[in-house]
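Report on the following structure.
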Amino acid sequence: MRVLEVSDLEAGYGDVQVLRSVSMHVNEEEVVAIFGSNGSGKSTFLKVLIGTLKPWGGTLKYMDHHIEDLPPEERVRRGMALAAEGRKLFLGMTVEENLLLGAWTNRERSKENLEKVYTYFPDLYRKRKDLAGDLSGGQQQMLSIGRALMSNPKLLMIDELSLGLAPAVVTKIADVLLRIREEEGVSMIVVEQEVSLALDISDRAYVFDLGEIVDEGRSEDLLRRDSIRKTYLSVL
Ligand SMILES: Nc1ncnc2c1ncn2[C@@H]1O[C@H](COP(=O)(O)OP(=O)(O)OP(=O)(O)O)[C@@H](O)[C@H]1O
Ligand SMILES: [Mg+2]
């Protein structure tokens, strides 16, 4: 079964159209990467998926059900979770308080989920009583992903995985994501500017340009494709 199936999606802000006829899908336990130039609509696409931006047209199916009319809370309840661009943490609250805020869909499992997040990210356990605002960039990204995990997602979406982070931290977080996929059977959509990383961690990828999908394929094939290497990997 497909976890997500998007067909001919159109969306924008006011009367400015951003997304044009976007069609894509995510299979069970698949990691799908999205990359493309600045302003190409990647974050807008994730906003439509989580439901904070209404689409103008097209269809959105999650686990075989239409979700176009569901509010974001209901999408989260059903297992969609977004670690948003800019991380959107409560910087004046502690790490643990931020995590518990992500647990509103299933409070009865919050202790168990908290332990799970701490197992995946031991840094967060060590810093659990510290303010989110005092964390390093990498730890804040872990917290953002950890908070998304607190709702037991089936589809985890991450906007700008590596932005502003040191390569060693990115590798560490990417390894944890692949473990989470393996152990929890979570599917993922990862928006990532660093194309070699995006293709490294994903099974398949979609390339966005000016609000459209201009290329797609298995990540290992895209990595070898000349047009991708020249445009996005600076290989001549
Ligand atoms: N809240 C908003 N109101 C109006 N226009 C917006 C809004 N957010 C984004 N846009 C516009 O929509 C287009 C797509 O932006 P979006 O943030 O989705 O791109 P992106 O691919 O995520 O870019 P980046 O790589 O910089 O994160 C851009 O032209 C942007 O200026
Ligand atoms: Mg963006």
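Considering only residues of region 30-89 that are among the charged types (D, E, K, R) and under 18 Å from G14 (Cα atoms), which is farthest from ligand 2 (Cβ to nearest atom)?
Initially, region 30-89 is screened for residues among the charged types (D, E, K, R), giving 30, 42, 47, 54, 61, 64, 68-69, 73-75, 77-78, 85, 87-88.
Retained after the next criterion (residues that are under 18 Å from G14 (Cα atoms)): 42, 47, 54.
Working: K42: 5, K47: 10, K54: 18 Å.
Filtering first and then ranking leaves K54.
Taking the residues in region 30-61 that are among the β-branched types (V, I, T), over 13 Å from E160 (Cβ atoms) and within 11 Å of the chain's Cα centre (by Cα) as candidates, determine which candidate is surrounded by the fewest Cβ atoms within 10 Å (Cβ to Cβ). Steps first, please.
Step one: list which residues in region 30-61 are among the β-branched types (V, I, T), which gives 31-32, 34, 44, 48, 50, 52, 59.
This time we only want the ones that are over 13 Å from E160 (Cβ atoms), so: 31-32, 44, 48, 50, 52, 59.
The next check asks that each one be within 11 Å of the chain's Cα centre (by Cα); those that pass are 31-32, 50.
Details: V31: 23, V32: 25, I50: 17.
Among residues in region 30-61 that are among the β-branched types (V, I, T), over 13 Å from E160 (Cβ atoms) and within 11 Å of the chain's Cα centre (by Cα), the one surrounded by the fewest Cβ atoms within 10 Å (Cβ to Cβ) is I50.
Condition check ((1) more than 15 Å from F208 (Cα to Cα); (2) touching a residue at least 40 places away in the same chain (Cβ under 8 Å)) across all residues:
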site: V3; (1), (2): yes, yes
site: D8; (1), (2): no, yes
site: V26; (1), (2): yes, yes
site: G51; (1), (2): yes, no
site: W56; (1), (2): yes, yes
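Confirm whether K129 is more than 16 Å from ligand 1 (Cβ to nearest atom), more than 25 Å from T52 (Cα to Cα) and not in a helix (DSSP H, G or I).
Numbers: more than 16 Å from ligand 1 (Cβ to nearest atom): yes; more than 25 Å from T52 (Cα to Cα): yes; not in a helix (DSSP H, G or I): yes.
Considered against the rule, which asks whether it is more than 16 Å from ligand 1 (Cβ to nearest atom), more than 25 Å from T52 (Cα to Cα) and not in a helix (DSSP H, G or I), K129 comes out as yes.
In region 56-112, what count of residues is obtained for those that are within 16 Å of ligand 1 (Cβ to nearest atom) and either assigned by TED's automatic domain parsing to the domain that holds P122 or in contact with a helix residue (DSSP H, G or I) (Cβ under 6 Å, 6 or more places away or on another chain) (or both)?
Final tally of qualifying residues: 8.
Determine which member of the set S151, S234, S202, S196 is within 25 Å of L9 (Cβ to Cβ), more than 13 Å from the chain's Cα centre (by Cα) and of a type outside the set (F, W, Y).
Details: S234 fails: within 25 Å of L9 (Cβ to Cβ); S202 fails: more than 13 Å from the chain's Cα centre (by Cα); S196 fails: within 25 Å of L9 (Cβ to Cβ).
Selected residue: S151, the only one of S151, S234, S202, S196 that is within 25 Å of L9 (Cβ to Cβ), more than 13 Å from the chain's Cα centre (by Cα) and of a type outside the set (F, W, Y).
Does G92 count as farther than 19 Å from M188 by Cα and in a strand (DSSP E or B)?
Details: farther than 19 Å from M188 by Cα: yes; in a strand (DSSP E or B): no.
No: the conditions fail for G92.
So that you can scan it fast, the table gives a plain yes or no per residue for (1) in contact with a Gly (Cβ under 9 Å, 6 or more places away or on another chain); (2) not polar (S, T, N, Q):
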| residue | (1), (2) |
| --- | --- |
| V3 | yes, yes |
| E10 | yes, yes |
| G14 | no, yes |
| S23 | yes, no |
| V26 | no, yes |
| S37 | no, no |
| K42 | yes, yes |
| K47 | no, yes |
| T59 | no, no |
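Scan the strands (runs of 3 or more DSSP E) fully inside region 163-236 and keep the ones with 1 or more residues being surrounded by fewer than 17 Cβ atoms within 10 Å (Cβ to Cβ) and touching a residue at least 60 places away in the same chain (Cβ under 8 Å). Working first, answer last.
Numbers: elements: 187-191, 204-209, 212-218.
Result: 204-209, 212-218.
Does L210 count as more than 26 Å from G39 (Cα to Cα), over 16 Å from the mean Cα position of the chain (by Cα) and of a type in the set (A, V, I, L, M)? Break it down into steps so the answer makes sense when it comes.
Working: more than 26 Å from G39 (Cα to Cα): no; over 16 Å from the mean Cα position of the chain (by Cα): yes; of a type in the set (A, V, I, L, M): yes.
Considered against the rule, which asks whether it is more than 26 Å from G39 (Cα to Cα), over 16 Å from the mean Cα position of the chain (by Cα) and of a type in the set (A, V, I, L, M), L210 comes out as no.
The values are calculated or read from the model by the stated rules, or taken from the named source; none is laboratory data. Just so you know, these numbers come straight off a predicted model, no measurement behind them. Note: ideal-geometry Cβ built from the backbone for every residue, glycine included; neighbour counts use all protein chains shown.
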